[in-house]
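Structure first, then comments.
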């Protein structure tokens with residue numbers, strides 16, 4: 001009977017231990033809870049740096065609904081700019 005090396009045994013053992021994990025799929029992330037109206041009216045403040053200054057910042061407070069609307073507008077503006085065709089001659 002041939003002698004099996006320690007390295008071969010370790011490799012075989014690692015395959016046997018890891019094999020069940022290869023067939024598994026990640027569980028889907030739970031859906032976020034729907035926002036309630038009172039939750040959307042909650043005021044949230046964040047610090048924003050003043051443009052052109054490394055040290056100065058200002059505090060901006062808005063409701064969650066306003067932050068969501070601002071984020072949506074920014075995304076739409078970005079998508080519009082990315083899909084615009086460039087002017088001829090430039």
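Would you say residue 65 is in a loop (DSSP other than H, G, I, E, B) and either surrounded by 12 or more Cβ atoms within 10 Å (Cβ to Cβ) or at pLDDT below 90 (or both)? No. The residue pairs whose first member lies in segment 46-69 and is at negative phi and touching a residue at least 24 places away in the same chain (Cβ under 8 Å), whose second member is surrounded by 12 or more Cβ atoms within 10 Å (Cβ to Cβ) and part of a helix (DSSP H, G or I), and whose beta carbons are closer than 7 Å, counting only pairs six or more residues apart or on different chains, are 64/39; 64/40; 65/40.
The values are calculated or read from the model by the stated rules, or taken from the named source; none is laboratory data. All of these numbers come straight from a predicted model, not from anything done at the bench. In this analysis, Cβ positions are derived from the backbone assuming ideal geometry, glycine residues included, and neighbour counts consider all displayed protein chains.
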